[in-house]
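Undergrad: Pasting a structure here, questions to come.
All of the numbers you see were taken from the coordinates with simple rules; none came from a lab. The structure displayed is predicted, hence computed values, not measured ones. Cβ atoms come from the backbone with ideal geometry, glycine included; neighbour counts cover every protein chain shown.
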Amino acid sequence: MTRGRDSGPEFDHPTEKCGVVGVSLEDRDAAFPTYYALYALQHRGQESAGIVTHDGFQQHQHVGMGLVGDAFEEADIEDLVGSAAIGHVRYPTAGSVDKSCAQPFSVSFKGGALGLSHNGNLVNADDLRDDLAASGHAFTSDGDTEVIAHDLARNLLDDDIVSAVETTMSRIHGSYSLTIMHDDTVLGLRDPLGNRPLVVGELEDGYVLASESAAIDTLGGELVRDVRPGELVVLHEDGSGFDSHQLVAADNTAHCFFEYVYFARPDSVIDDELVYEVRRELGRQLWAEAGVDSDVVMPVPDSGRAFASGYAEAAQDEGASVEFAEGLMKNRYVGRTFIMPTQEAREQAVRLKLNPIRSTVEGKTVTVIDDSIVRGTTSSQLVDLVREAGAEAVHVRIGAPPIEAPCYMGIDMATREELIAADRTPEEIADEIGADSLSYLSLSAITAAVGKSEADLCAGCVTGEYPYDVPGEARDRDIDHPAVDAPAHD
């Protein structure tokens, strides 16, 4: 585990997942566009970054640890020739934190060259690894991405790429959005329940797949649409278009609701909904459900800003005299992994990252808006900061329901024992973090804001009911594989 990863100022939030990219262009090299797209997805992973290209004859790869700008030198990108590419930024949810687990994962075998980037988490990776190892497959990492790659490579020995992917889909269970490169063909695959996001966009001379539409915007492209749950998208090698193959059909989806609440960039579009406007609506719903008349409404930067804006707007529409104001200034030059060897240093970390604006809070009643609370450690320190700056009262409002259970679908979340809401009421949590009051947003408000039913959202971290079977947890939903019979889940 990276130093500071478990105790920094972002510790009270679920941790980002990963970001994937796939690019197929007419005749220019795809490495630089892929690099820029990864920059746009940097918020989804900071542990490592990588790109694999194919020039029509052979595969080229570069992976490195750290942020995108640290993982690549200009010469590295120039060496990645070829008009087909896939890329990845990683935050580990399965596997070690070292270069052996950096993605894309690539392999050359009798069926050609294969590259794979994965956003998500398999719940049956260990069983699949054992099965593949028994068949002679040797593994170089402990991540689940290599398991998918080996299974797909085995299927490609006997089938075309679409059939091979279809067979692999019948064997892997959990959340995944994949960008795949088989020789110089780039593909995008989304899990049958659509838990992880994936979109396809059009460029002037090709097409791009990405975890979020903001990456397409960065390349000057146009969003075409979301890749559908259970759909395989195959980009044409000449950049002229793409083919769609609906491999799996499910009665319901299981979109991760935290994409709307926290993970996705506010300027991204998910299922035709701009994330920023969804968060503003969540803020308005938060006022309707748990509004408190205070002098100032202030966000925890940066994730609480859209919520606070909508909350204040709804309050003012009802005649409240609340003012929206920035009350915490963020130091953007403090990294996620600065060293914090002692509890005193960990408490100092919040002050390094955030500093109150005294004129905003002094002598006033304050409502602090954030997107979520995981363990509560940072929340208590934020409340202390605001009080020390002179606030007369501090109310906390959260734009998501209480997180009461772990996530097994690809979010780095605390264990049930560490979750502050697992065994405490909001009143008890308010007392623990030192707030005058604390309220969460309901799940029904989230479903209304995103325009989906609860049956079409994954809210396992809130309800404890998961879309796939997890040992000791809820059973998975039925999924119809029309062409390939899926084995029973373990």
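Undergrad: Nearest 10 degrees is fine. How inclined is helix 343-353 to the longest principal axis of the chain, computing both from alpha carbons?
TA: The angle comes out near 90 degrees.
Undergrad: For region 9-254, state the semi-axes of the equivalent ellipsoid (square roots of 5 times the eigenvalues of the alpha-carbon gyration tensor), sorted largest first and rounded to whole angstrom. Please list the in-between numbers first.
TA: Numbers: eigenvalues 106, 85, 73 Å².
One finds semi-axes of 23, 21, 19 Å for region 9-254.
Undergrad: Asp251 to Asp317: extension gain in nm, 0.36 nm per residue of separation minus the Cα-Cα distance?
TA: On the way: separation 66, 0.36 × 66 = 23.76 nm, distance 3.97 nm.
Result: 19.8 nm gained on full extension.
Undergrad: Taking 1 over the mean of 1/r across every pair of different Cα atoms in the chain, what Kirkwood radius in Å do you get? Please list the in-between numbers first.
TA: Numbers: mean 1/r = 0.0433 Å⁻¹.
Computed over Cα pairs of the chain, the Kirkwood hydrodynamic radius comes out at 23.1 Å.
Undergrad: Further question: Once phi is turned into θ = phi - 60°, what whole-Hz ³J(HN,Hα) does the Karplus curve with 6.51, -1.76 and 1.60 give for every residue of region 213-221, x standing for Gly and Pro?
TA: Result, ordered by residue: 5, 4, 5, 5, 4, 4, 8, x, x Hz.
Undergrad: Taking neighbour Cβ counts within 10 Å as the exposure measure, how do Cys458, Cys256 sort from fewest upward?
TA: Ascending Cβ contact count within 10 Å gives the list Cys458, Cys256.
Undergrad: For the pair Glu74 and Glu204, what calculated FRET efficiency results from E = 1/(1 + (r/R0)^6), where r is the Cβ-Cβ distance and R0 = 22 Å, to the nearest 0.05? If you can, show how the numbers build up before the last one.
TA: Values: r = 23 Å, r/R0 = 1.06.
Rounded to the nearest 0.05, the efficiency is 0.40.
Undergrad: A further question on this structure: Highest mean first, how do 221-231, 394-404, 355-365 rank when packing is the count of other Cβ atoms within 10 Å averaged over residues? It would help to have the intermediate numbers written out before the result.
TA: Working: 221-231: 18.8, 394-404: 24.7, 355-365: 16.6.
Answer by packing, highest mean first, reads 394-404, 221-231, 355-365.
Undergrad: So which lysines can Lys110 reach, going by Cα to Cα under 30 Å and dropping same-chain residues fewer than 8 places off?
TA: Lys99
Undergrad: With +1 on each Lys and Arg Cβ and -1 on each Asp and Glu Cβ, and nothing else charged, work out how big the dipole of region 40-185 is about its Cα centre, in Debye to the nearest 20.
TA: Numbers: 7 positive and 23 negative charges, 52 e Å.
Taking the Cα centre of region 40-185 as origin, the dipole is about 260 debye.
Undergrad: A further question on this structure: Round to the nearest 10 and give me the degree value, 0 to 90, for the angle of helix 144-156's Cα axis relative to the longest principal axis of the chain.
TA: On a 0 to 90 degree scale, this one is about 30.
Undergrad: A further question follows. If I model a spin label as a point 7 Å beyond the Cα along the Cα-Cβ vector, how far apart are those points for Asp272 and His137 in nm?
TA: Result: 3.9 nm between the two label points.
Undergrad: How big is the Kirkwood radius of region 431-473, worked out from every pair of different alpha carbons and given in Å to one decimal?
TA: Numbers: mean 1/r = 0.0791 Å⁻¹.
One decimal place: 12.6 Å for the Kirkwood radius.
Undergrad: Further question: Would you tally the net charge around Ala149, using a Cβ to Cβ cut-off of less than 14 Å, leaving Ala149 out, and scoring K and R as +1, D and E as -1?
TA: Cβ neighbours under 14 Å give a net charge of -1.
Undergrad: Could you tell me which of Met181, Thr218, Val300 has its Cα farthest along the dipole of the chain towards the positive end, charges placed at Cβ (Lys, Arg +1; Asp, Glu -1), taken about the Cα centre?
TA: Ranked along the dipole, the leading option is Val300.
Undergrad: Now a separate question. I need the peptides 24-36, 422-434, 121-133 ranked by packing, meaning the mean over residues of other C-beta atoms within 10 angstrom, with the highest value on top.
TA: Numbers: 24-36: 21.3, 422-434: 15.4, 121-133: 18.8.
Going by the mean number of other Cβ atoms within 10 Å, highest first, we get 24-36, 121-133, 422-434.
Undergrad: Give me the one-decimal nm value for the distance between modelled label points at Glu427 and Ala288, 7 Å along each residue's Cα-to-Cβ direction.
TA: The answer from the label model is 2.7 nm.
Undergrad: How tilted is helix 275-290 with respect to the longest principal axis of the chain? Cα atoms for both, answer in degrees (0 to 90, nearest 10).
TA: Orientation of helix 275-290: about 40 degrees from the principal axis.
Undergrad: Are there any chymotrypsin sites (Phe, Trp or Tyr not before Pro) in region 108-200 that are in a DSSP loop and have at most 15 other Cβ atoms within 10 Å? List them by number. Walk me through the intermediate numbers first.
TA: Values: sites: Phe109, Phe139, Tyr176; in loops: Phe139.
In loop regions of region 108-200 (DSSP not H, G, I, E or B), the sparsely surrounded chymotrypsin sites (Phe, Trp or Tyr not before Pro) are Phe139.
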